[in-house]
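Below: one structure, written as structure tokens.
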Amino acid sequence: MGSTPGSVKGKGGGALRGLRCMPWKMNKLKSSKAVAGRAEAEVESASGQSPSTPLVPPIYHEKQRRELCALHALNNVFQDGGAFSRDTLQDIFQRLSPSTLVTPHKKNVLSNGNYDVNVIMAALQTRGFEAVWWDKRRDVCSIALGNVTGFILNVPSNLRWGPLRLPLKRQHWIGVREVGDIYYNLDSKLRSPHPIGPPEELRKFLRQQLRGKNCELLLVVPEEVEAQQTWKTDTC
């Protein structure tokens, strides 16, 4: 689970605060059912179950371990289990907060993986990427999706103790990205990737999430895209 920062360098955002976000449900219109069916067929094709369906790249989906959701979100966005490791993120954390015993992030002294947005941003920079903090006052129609590698959302999530769901919530990082022309929710707490759909369905999903006061969005973009500000467009 991800912890929220006190202050951080971001693009158009503030600290992660608020109450809760809205659950996402696929549009029940026939067209959206067709999209979901197409995504399921593509997943089956990737596993060899339906040879007649055009093959798509296999989807990498890292599952939740301990409180390593920041690590899982990063690796799921990059579709590479070797993109980052717990040791890498812990080293970044130690460099960002050398006096860990007196910082708000002192839990990470135990390497439990409860990393905040500062660690995610610094980790992305080691691979030539930047995190753009999305200003929720803007509509997501102004995101130039073709220039965005993926998305990382910070959302409230229920705490669990084994099989028991506790009446408490903490912040949780999830990754979203496009694979084979379909966007997927790659939340590490899901049993498998959940198809969101094509770009128009992705925008609906992001709008729904961002309605919550405690949901925040990071755009993962190459550093040249961030430098040239080509992650945004004026046309909606």
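The values are calculated or read from the model by the stated rules, or taken from the named source; none is laboratory data. Because the structure is a prediction, the values reported are computed rather than measured. Ideal geometry is used to build each Cβ from the backbone, glycine not excepted, and the neighbour counts take in all protein chains shown. Heads up: the accessible areas ignore ligands, DNA and RNA and are worked out on the full protein's heavy atoms, side chains in. Shrake-Rupley method; radii C 1.70, N 1.55, O 1.52, S 1.80 Å.
For segment 209-236, a residue qualifies if it is modelled with pLDDT of 95 or more and either of a type in the set (Gly, Ala, Ser) or farther than 25 Å from Asn118 by Cα (or both), and exactly one does: Ala227.
Scanning segment 166-178 for residues that are open to solvent by 20 Å² or more (accessible area, probe 1.4 Å), part of a loop (DSSP other than H, G, I, E, B) and modelled with pLDDT under 95 turns up nothing. Within segment 105-122, the residues that satisfy the criterion of being of a type outside the set (Gly, Ala, Ser) and either modelled with pLDDT of 60 or more or surrounded by fewer than 13 Cβ atoms within 10 Å (Cβ to Cβ) (or both) are Lys106, Leu110, Asn114, Tyr115, Asp116, Val117, Asn118, Val119, Ile120, Met121. Of all residues in segment 182-236, those satisfying the criterion of being closer than 15 Å to Trp134 by Cα, basic (Lys, Arg) and within 16 Å of the chain's Cα centre (by Cα) are Arg203, Arg207.
In this structure, Cys236 does satisfy being among the hydrophobic types (A, V, I, L, M, F, W, C) and open to solvent by 20 Å² or more (accessible area, probe 1.4 Å).
Residues that are part of a helix (DSSP H, G or I) and either modelled with pLDDT of 75 or more or at negative phi (or both) do occur in segment 53-70, at least one of them.
Residue by residue through segment 66-92, note down the ones that are open to solvent by less than 10 Å² (accessible area, probe 1.4 Å) and among the β-branched types (Val, Ile, Thr). Those that are open to solvent by less than 10 Å² (accessible area, probe 1.4 Å) and among the β-branched types (Val, Ile, Thr): Val77, Ile92.
Candidates are the residues of segment 189-215 that are assigned to a loop (DSSP other than H, G, I, E, B) and small (Gly, Ala, Ser); the one that is most open to solvent (accessible area, probe 1.4 Å) is Ser192. If you go through segment 71-83 and keep only what is in a helix (DSSP H, G or I) and either over 16 Å from Pro57 (Cβ atoms) or in contact with a Leu (Cβ under 6 Å, 6 or more places away or on another chain) (or both), you end up with Leu71, His72, Ala73, Leu74, Asn76. Out of everything in segment 123-148 that is in a helix (DSSP H, G or I) and farther than 26 Å from Arg95 by Cβ, what residue ends up being most open to solvent (accessible area, probe 1.4 Å)? Here the answer is Gly146.
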